[in-house]
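Engineer: Structure below; questions to follow.
The values are calculated or read from the model by the stated rules, or taken from the named source; none is laboratory data. Please read these numbers as outputs of a predicted model, since none were measured by experiment. Glycine also receives a Cβ, built like all others from the backbone with ideal geometry; neighbour counts cover every protein chain displayed. When the accessible area is computed, the model is the full protein with side chains, heavy atoms only, and any ligands, DNA or RNA have been set aside. Shrake-Rupley method; radii C 1.70, N 1.55, O 1.52, S 1.80 Å.
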Amino acid sequence: MYKRKIILDCDPGHDDAIAIMLAGKHEDLDLLGITVECGNQTLEKTGLNALNICQYLDIDVPVCLGSAEPIIKAVEICPAIHGESGLDGFDFPPLTKKFDERHAVTFIIQTIMNSKEKITVVTTGPMTNLALAMKMEPKIKDNIEEVVLMGGAYTNGNVTPAAEFNINCDPEAAYIVFNSGCIIKMFGLDVTRKVLVLPNIIQRMEKIDNKASVFFTKLMKVFNENQKKVFGFEGGPLHDPVTIAYLIDRKVCEMSFVHCEIDISQGSSYGRTNCDIFNYLKLPKNTYVATDIDVDRYWEIIESGIKKY
Ligand code: BDR
Ligand code: CA
């Protein structure tokens, strides 16, 4: 049976953790490795979180450390949402899993260049590792099936009125990737804000009663408390797994093919994903942007992902 080969580049992170869980055991996906960068927290912390998640969930793939800083901007982390550890709310058993020795950028380049089949790159953090890989070895672009990312918004941002956290962390990296000529699939706040982990969702997943459901429930309780404090949301938006859900079932989101430009002008819209949904500018289209999500289908995918553990 065909299995899509994917690399998951992330900065875990509560919702990144659920994306890893969803990708780790799905029969249609072949998770080749996890590459990590700074984002929600420092690289040291996001790296440890990725290792802990893989060890706890028995996901036996290489975990590679990558960029500790964005390309131009200074590091900006997000402890208000993800806590001091970057993944507050779950006590992992003692860690024995080790990092793969390769740098994330080396891993991305080697894996893509050595693959007979095209590889899908999923990013659920800033896009620094992928942008650097594209600059170090531009030939990888020819062997990328598509870049599937959580980031951006064509409506409002979540760190400035214009910008979403992942793109805002490293707008220049996003600029490089969006202008790479690769197929870009963007899942932004416009859809991820529709999939809120409301109390009934926590109860539903808790009932599954396995190691992944305990993991989901404990993490989401803390995630929700923080989302309530920062944004006033009753349930936190479960952003990052939308990427993986889309790879599992393309019907989960409606997509529109648009011209999208990343604002790197360093003004008040720095980091904005300017999506020309109405095609005002008649510029070449470079991005499939998610415009709607089937919320029920999404929770079914998450539920069946948890049941695989
Ligand atoms: C994004 O920012 C992070 O806090 C989440 O993990 C997600 O990737 C949402 O803006
Ligand atoms: Ca993330």
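For every residue, the table says whether it meets (1) at pLDDT 95 or above; (2) under 29 Å from GLU172 (Cβ atoms); (3) assigned to a helix (DSSP H, G or I).
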residue	(1), (2), (3)
ILE7	yes, yes, no
ASP16	yes, yes, yes
LEU31	yes, yes, no
ILE34	yes, yes, no
ASN49	yes, yes, yes
ASN52	yes, no, yes
VAL61	yes, yes, no
CYS64	yes, yes, no
ILE71	yes, yes, no
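Engineer: Now, a different point. Taking the options VAL63, VAL121, VAL36, name whichever one is open to solvent by less than 10 Å² (accessible area, probe 1.4 Å), without any contact (Cβ under 8 Å) to a residue 60 or more places away in the chain and within 19 Å of the chain's Cα centre (by Cα). Even if it seems obvious, please write down each step before you answer.
Structural biologist: Values: VAL121 fails: without any contact (Cβ under 8 Å) to a residue 60 or more places away in the chain; VAL36 fails: without any contact (Cβ under 8 Å) to a residue 60 or more places away in the chain.
Just one listed residue meets the conditions, VAL63.
Engineer: So which residues in region 217-234 are more than 16 Å from ligand 2 (Cβ to nearest atom) and touching a helix residue (DSSP H, G or I) at 6+ places or on another chain (Cβ under 6 Å), if there are any at all?
Structural biologist: THR217, PHE233
Engineer: Under the condition of being buried (at least 24 other Cβ atoms within 10 Å of the Cβ) and more than 8 Å from THR273 (Cα to Cα), which residue from region 149-164 is nearest to ligand 2 (Cβ to nearest atom)?
Structural biologist: Among residues in region 149-164 that are buried (at least 24 other Cβ atoms within 10 Å of the Cβ) and more than 8 Å from THR273 (Cα to Cα), the one nearest to ligand 2 (Cβ to nearest atom) is MET150.
Rundown of residues vs (1) of a type in the set (A, V, I, L, M); (2) within 22 Å of PRO171 (Cα to Cα); (3) crowded, with 16+ Cβ neighbours inside 10 Å, yes/no style:
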| residue | (1), (2), (3) |
| --- | --- |
| VAL222 | yes, no, yes |
| LYS228 | no, no, no |
| GLY236 | no, no, yes |
| THR243 | no, yes, yes |
| TYR246 | no, no, yes |
| VAL252 | yes, no, yes |
| MET255 | yes, no, yes |
| ASP263 | no, yes, yes |
| GLY267 | no, yes, no |
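Engineer: State whether the residues of region 273-291 include one that is of a type in the set (A, V, I, L, M, F, W, C), out of contact with any strand residue (DSSP E or B) (no Cβ under 7 Å at 6 or more places or on another chain) and crowded, with 17+ Cβ neighbours inside 10 Å. Explain how you work it out, then say what you get.
Structural biologist: First, pick out the residues of region 273-291 that are of a type in the set (A, V, I, L, M, F, W, C): 275, 277-278, 281, 283, 289-290.
Still in the running and out of contact with any strand residue (DSSP E or B) (no Cβ under 7 Å at 6 or more places or on another chain): 278, 281, 283.
If we keep only those that are crowded, with 17+ Cβ neighbours inside 10 Å too, we end up with none.
Checked region 273-291: no residue is of a type in the set (A, V, I, L, M, F, W, C), out of contact with any strand residue (DSSP E or B) (no Cβ under 7 Å at 6 or more places or on another chain) and crowded, with 17+ Cβ neighbours inside 10 Å.
Engineer: Still on this structure, I have one more. Check THR106 against each of (1) at pLDDT 95 or above; (2) in contact with a helix residue (DSSP H, G or I) (Cβ under 8 Å, 6 or more places away or on another chain) and name the one condition it does not meet.
Structural biologist: THR106 satisfies every listed condition except (2).
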